[in-house]
Amino acid sequence: MLKLMYITNRPEIARIAEAAGVDRIFVDMEYLGKDARQRGLDTVKSRHTVRDARAVKAALSAADLLVRVNPIHDAFSGIPSSREEIDAAVEAGADILMLPYFKTVGEVRTFLELVDDRVKTMLLFETPEAVTLADEILALPGIDEIHIGLNDLSIGYGQPFLFQPLADGTLDLLCPKFRARDIPFGFGGIARLGGGAVPAEIIIREHCRLGSQRAILSRSFCNTDKTTDLTEIEAIFRTGLTELRQFEAAFDRTPEALAENHAELRRRVADVVRKMEEGQ
């Protein structure tokens with residue numbers, strides 16, 4: 001079964017997600033450079049804070065708190081340095097810290113040294129440079145988990161659709177490297193069953209084919225900006241998670257079925273890209 005994550009800085013939503021079976025609540029403090037590289041795209045750009053992390057942690061009883069910090073940086077213009085930011089996130093109760101948007105081995109090494117084994121670490125592979133340097137990066141001690149960020153990775157490759165790295169062989173190159181080092185990993189996000197530009201069922205089967213063990217529940221799974229009633233949000237999480245877990249337990253995991261699913265994924269992605277290019 002996939003470990004599931006949900007992004008929120010609202011304690012009441014965190015409690016609902018945890019009660020429904022979400023394994024990790026994701027507080028997203030990354031903002032440096034993100035607006036510029038994702039300008040014009042319908043992506044989630046959070047501005048969560050250390051105060052949010054502390055409040056969410058206090059609301060949780062079983063789920064882990066995952067905090068994404070900013071890329072490695074020095075202090076500037078009133079912005080705390082990476083050292084200060086990481087120390088504050090650890091003090092706020094983070095169980096796992098995620099490093100985004102790195103392009104060098106040195107950035108990863110600095111992150112691991114700053115965390116200093118106080119909490120678990122997760123690297124967010126989301127640049128072509130990180131993919132190229134994967135073997136050198138994975139040789140560093142102290143990496144607990146990995147996530148592959150399809151949004152920025154597809155942007156880095158000049159691709160218009162986030163699932164293209166899943167269809168073009170990029171993840172087939174990366175994931176065996178993670179498995180060889182026994183590092184748990186995940187990728188991308190999943191919508192509710194039947195939802196998404198590529199149906200969630202296809203994406204879940206791809207997680208199985210690649211050996212992925214983690215996934216983020218996407219904004220479309222439960223968009224709390226659009227759905228504001230807490231009773232309705234609770235019903236969405238409860239029903240959606242039950243359906244997802246039932247599907248996970250029942251789908252055909254034979255190599256033949258997973259290969260057929262991958263072929264269908266490639267067809268679906270190609271169709272989406274074609275329509276995007278035609279302006280449909």
Using a 7 Å offset from the Cα along the Cα-to-Cβ direction at both R47 and N151, what is the distance between the two label points in nm, to one decimal? 1.6
What net charge is computed for the residues neighbouring D252, neighbours being all others with C-beta under 14 Å from the C-beta of D252, Lys and Arg scored +1, Asp and Glu -1? -3
Which residues qualify? For H147, with a placed amide H closer than 5 Å and at least 5 residues away or on another chain, they are L123, L124, F125, G186
Plugging the Cβ-Cβ distance of D144 and E91 into 1/(1 + (r/R0)^6) at R0 = 22 Å yields, to the nearest 0.05, a FRET efficiency of 0.70
How far apart, in nm, are two points set 7 Å out from the Cα along the Cα-to-Cβ line at T228 and at S81? 4.3
Got a number for carbon plus sulfur as a percent of the chain's accessible area, 1.4 Å probe? 48
Note down the magnitude of the dipole of segment 193-280 about its Cα centre, charges +1 on Lys and Arg C-beta and -1 on Asp and Glu C-beta and zero elsewhere, to the nearest 20 debye. 240
What number, rounded to the nearest 500 deg cm²/dmol, is the helix-based mean residue ellipticity at 222 nm of the chain, given -39500 (n - 2.57) per DSSP H run of at least four residues and division by all its residues? -14000 deg cm²/dmol
Give me the distance in nm between label points sitting 7 Å out from Cα along the Cα-to-Cβ direction at E256 and T239, one decimal. 3.6
How much accessible area per residue does the chain have, in Å², with a 1.4 Å probe? 45
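The values are calculated or read from the model by the stated rules, or taken from the named source; none is laboratory data. Keep in mind that what you see is a predicted model, and the values were worked out from it rather than measured. All Cβ positions, glycine included, derive from the backbone under ideal geometry; neighbour counts span all protein chains shown. Side chains are part of the model used for accessible areas, which takes the heavy atoms of the whole protein and leaves out ligands, DNA and RNA. Shrake-Rupley method; radii C 1.70, N 1.55, O 1.52, S 1.80 Å.
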